[in-house]
Amino acid sequence: IFSFAVIKIHLERFACKIYRDTRTAAHDKGVDLSTNFGVVYQVKKLRVHTETEADRLYAELKLNFDNERLQDGNVILVIDDISKDVKKYLIDMKVQSISKADLLKMAASFDDPEDRQKILRIVYEEFRREYSSTIR
């Protein structure tokens, strides 16, 4: 949810919209995000440090997305951690990745207090929406 909020505010700077398509998945604590310009972000709670792990992840992406979207480079992974070599390996397969560290740098770049408030508001609303059935 935090990843969604930061990416949403970041993309607003470029007049782009992002939508949270799914609830948080139990098996990988991930979520799918889509944009109004054809790019899909897939948030996953993973650490990827070997090409074997990257191959497994790519195979999962091939199951979830059509080949054209992958070949056009329109799938971006948001993951906890990735080694530089594996990041390049995925880029060669046309899959971009954003690590938790990258996301935190992006969040730190929001100098305007209003942007920070927007992030907090989005996080609050998304948590409320996601867990409203369990709160009662």
**Prompt:** To the nearest 500 deg cm²/dmol, what mean residue ellipticity at 222 nm is calculated for the chain from DSSP H runs of n ≥ 4 alone, each contributing -39,500 (n - 2.57), summed and divided by the residues?
**Reply:** -16000 deg cm²/dmol
**Asked** Counting Lys +1, Arg +1, Asp -1, Glu -1, what net charge surrounds Glu12 among other residues with beta carbon under 14 Å of its beta carbon?
**Response** +3
**Message:** Per 0.36 nm of contour for each residue apart, how much would the distance between His49 and Asn64 grow if the chain were fully extended, relative to their Cα-Cα spacing?
**Reply:** 3.2 nm
**Message:** I'm spelling it out carefully: the read-out is Rg and Dmax of the Cα atoms in Å, the candidates are (i) 15.2, 47; (ii) 15.2, 52; (iii) 13.6, 43, and one was derived from this structure. Which label?
**Reply:** (i)
**Request:** Take the alpha carbon gyration tensor of the range 88-136, find the square roots of its eigenvalues, order them as a ≥ b ≥ c, and report rounded if a/c is under 1.5; if not, report prolate when a/b exceeds b/c, else oblate.
**Result:** oblate
**Asked** Under 12 Å from the Cα of Lys94, which aspartates and glutamates turn up, not counting those fewer than eight places away in the same chain?
**Response** Glu68, Asp72
**Prompt:** Which entries in Lys17/Lys88; Lys17/Lys118; Lys45/Lys118; Lys8/Lys87; Lys8/Lys100 show an alpha-carbon gap greater than 18 Å?
**Reply:** Lys17/Lys88; Lys45/Lys118; Lys8/Lys87
**Prompt:** In whole angstrom, how far apart do the alpha carbon centroids of the range 87-114 and the range 1-23 sit?
**Reply:** 13 Å
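FYI, it's all coordinate maths here, none of it is from the lab. For clarity, every value in this text was computed on a predicted model and none was experimentally measured. Neighbour counts are summed over all protein chains in view; Cβ atoms, including those assigned to glycine, are modelled from backbone coordinates with ideal geometry.
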